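Heads up, the thing below is written out as structure tokens.
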Amino acid sequence: MCMFCGFYCFRSDGAQPHLVNIQFQKKVKLQLVVLYVDFKLDESYTPSKISVRAGDGFHNLKEIKTVELVKPTGWVYISLSGNDPRDTFVNTFMLQIVVLSNHLNGRDTHVRQIKIYGPRPNPIPHQQFQFTSSEFNTYSTVR
């Protein structure tokens with residue numbers, strides 16, 4: 001448990017880049033990586049450049065996104081969607097989050113929380129979920 005925030009968080013010790021490797025037992029669809037970082041509390045320990053990579057294992061990781069952070073405080077959302085609107089998720093066995101650099105040329109890094117999300121049942125933003133059950137159709141007032 002972290003002595004700074006009271007949670008289990010990622011703290012590094014050593015040369016950059018710092019790696020967080022997440023492996024899954026089966027291929028999963030991933031859409032979003034969310035990090036909690038706090039420049040006000042962590043200063044030079046706060047990441048300033050992050051890369052997200054995906055693949056079948058260490059041997060074939062490919063960079064999906066690179067993100068520059070400017071004094072972030074709070075949740076940072078990194079979408080794994082591609083440039084093509086049909087690419088709404090990444091299908092992978094392994095995800096790697098790489099801290100390439102820190103603010104103020106810091107050496108070690110501090111990420112307070114990491115969340116990873118798969119695609120939602122209805123990936124179109126701000127649109128109601130579509131229900132198809134017979135019970136819903138029976139009692140629905142909007143047709």
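The values are calculated or read from the model by the stated rules, or taken from the named source; none is laboratory data. As the structure is a computational prediction, the values presented were derived from the model and not from experiment. Every residue, glycine among them, receives a Cβ derived from its backbone with ideal geometry; neighbour counts consider all protein chains shown. Surface areas here come from the heavy atoms of the whole protein model, side chains and all, with no ligands, DNA or RNA. Shrake-Rupley method; radii C 1.70, N 1.55, O 1.52, S 1.80 Å.
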Within the range 77-107, residues under 30 Å from Ser44 (Cβ atoms) and open to solvent by 20 Å² or more (accessible area, probe 1.4 Å) come out as Tyr77, Ser79, Leu100, Ser101, His103, Leu104, Asn105, Arg107
In the set Asp108, Asp87, the lone residue that is acidic (Asp, Glu) and free of Cβ contacts under 8 Å to residues at least 60 places away in the same chain is Asp87
Scanning the range 68-87 residue by residue, those touching a strand residue (DSSP E or B) at 6+ places or on another chain (Cβ under 9 Å), under 27 Å from Lys27 (Cβ atoms) and of a type outside the set (A, V, I, L, M) turn out to be Trp75, Tyr77, Ser79, Ser81, Gly82
Residues of the range 22-44 being surrounded by 17 or more Cβ atoms within 10 Å (Cβ to Cβ) and touching a helix residue (DSSP H, G or I) at 6+ places or on another chain (Cβ under 8 Å), in sequence order, are Phe39
